[in-house]
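Below is one structure, written out as structure tokens; comments come after it.
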């Protein structure tokens, strides 16, 4: 048996959008279940995101610490951001986020993994990139505001991040998935066997 997610869409009898926010909205669909019953399904409609696991030559990952109001915590995260433009190339978005949040550029880009963050209640899809060959970005630093004005930057060894994840001390989903995927890739076919940076992404189609 092949273990692989497949596209499928059950019949929708009706839909409504009871809330529209700045970047996301909430949709209610009336979905026909296999037995014929129609049920309401509420979920957040999200533009999608990219995240970057930036790995330097000393085997350290670029991380930042940022306040996240919904969970009332400061979380250690990897650089990430929204796909603000429909059809935006995710690689370009990832390169922009790495520059804006860490003032870093990278020579080698690969797709680490693609995930749905909370598929039971949100359609957000995230593409996590591996970035290597790091160097300081040219030009002025990006002007940050709001939560980002309080960010802390650090470079942390991979082994320390793995320890923190397994100890329940690090919780950001992109950091957790990215770091553990890095370890899995190393023990498998190696980092150079990862998908190319422009690999297709059916969840968020884009133009190269």
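Nothing in this text is a laboratory measurement; each read-out follows from the coordinates by a stated rule. As the structure is a computational prediction, the values presented were derived from the model and not from experiment. No Cβ is skipped: glycine too gets one built from the backbone with ideal geometry, and neighbour counts run over all protein chains shown.
Figures for the structure shown
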item	result
The stretch 1-54: C-alpha gyration tensor shape, a/c 1.5 cut-off, then a/b vs b/c	oblate
Cα-projected label distance for residue 183 with residue 19, points at 7 Å along beta-carbon direction, nm	3.5
Mean Cα-pair separation over length for the chain, i.e. relative contact order, pairs under 8 Å, 6 or more apart, %	22
Two-site label geometry, residue 117 and residue 29: point separation in nm, points 7 Å out along Cα→Cβ	1.9
Potential lengthening between residue 1 and residue 159 on full extension [0.36 nm per residue; Cα-Cα distance subtracted]	53.4 nm
Using alpha-carbon coordinates, inclination of helix 90-102 to the longest axis of the chain, degrees	50
Pair residue 171, residue 135: separation of 7 Å Cα→Cβ label points (nm)	3.9
Residue list for the stretch 9-23, given a label point 7 angstrom along the Cα-to-Cβ vector of residue 69 and an amide N cut-off under 12 Å	22
